[in-house]
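No value in this document is a laboratory result; all are computed from the given coordinates. All values derive from a computational prediction rather than experimental measurement. With ideal geometry, Cβ positions are generated from the backbone for all residues, glycine too; neighbour counts draw on all protein chains shown.
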Amino acid sequence: MSNNPEDQKLLTLAKATMFRSNSKSAAALRDNTGRTYVAIPVKSGEFEVDALLAVLVVAKASQITGIEAVVIAGEKPLDSSIAIIREQDSAAKLFVVTEADDLIAIE
């Protein structure tokens with residue numbers, strides 16, 4: 001569980017994005033400079049990316065050099081997506097949002 005106010009901001013961003021877009025999930029990422037990015041899953045024909053990978057793509061397009069934290073609201077991300085985030089930055093903190101709006105760390 002995280003009591004970090006910056007992680008709570010990511011929770012708010014992820015949930016607001018999910019509800020605003022009427023999506024089943026959303027992810028919010030904070031890079032190592034404090035900038036934030038949000039995304040929802042993308043599906044077009046055979047192409048499909050979960051919210052976690054989508055937010056990584058958005059952040060990488062802005063040329064981030066590190067990931068501080070990511071919060072995922074709604075559907076749990078794929079294990080393969082978690083592995084890709086860990087590959088990008090092994091120190092990144094990853095959290096999922098519970099029904100009670102708590103942040104639970106993904107180990």
When the chain is modelled as a GNM with alpha-carbon springs shorter than 10 Å, which of ALA26, ALA92, ALA73 fluctuates the most? ALA92
Could you please state, rounded to a whole Å, how far the C-alpha centre of region 31-50 is from the C-alpha centre of region 58-93? 10
What lysines does LYS43 reach when the alpha-carbon gap must be under 22 Å and sequence neighbours fewer than 8 apart in one chain are set aside? LYS15, LYS24, LYS60, LYS76
The answer for ILE64, listing residues at least 5 apart or on another chain whose modeled amide H is closer than 5 Å to its amide H, is none
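Of all trypsin sites (Lys or Arg not before Pro) in region 1-89, which ones are in loop regions per DSSP and have a Cβ with at most 12 other Cβ atoms within 10 Å? Walk me through the intermediate numbers first.
Details: sites: LYS9, LYS15, ARG20, LYS24, ARG30, ARG35, LYS43, LYS60, ARG86; in loops: LYS24, ARG35.
Here the trypsin sites (Lys or Arg not before Pro) that fit, given the DSSP loop and packing criteria, are ARG35.
What value, in deg cm²/dmol to 500, does the helix sum -39500 (n - 2.57) over DSSP H runs of n ≥ 4 give at 222 nm once divided by the residues of the chain? Intermediate values should be presented prior to the final figure.
Numbers: 3 runs with 37 residues, N = 107.
-11000 deg cm²/dmol, from helical runs alone.
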Calculate, in whole percent, how much of the Cα-Cα pair population of region 5-105 lies beyond 24 Å. 12
Which of GLU46, GLU87, GLU75 moves most in a GNM of the chain, Cα contacts under 10 Å? GLU46
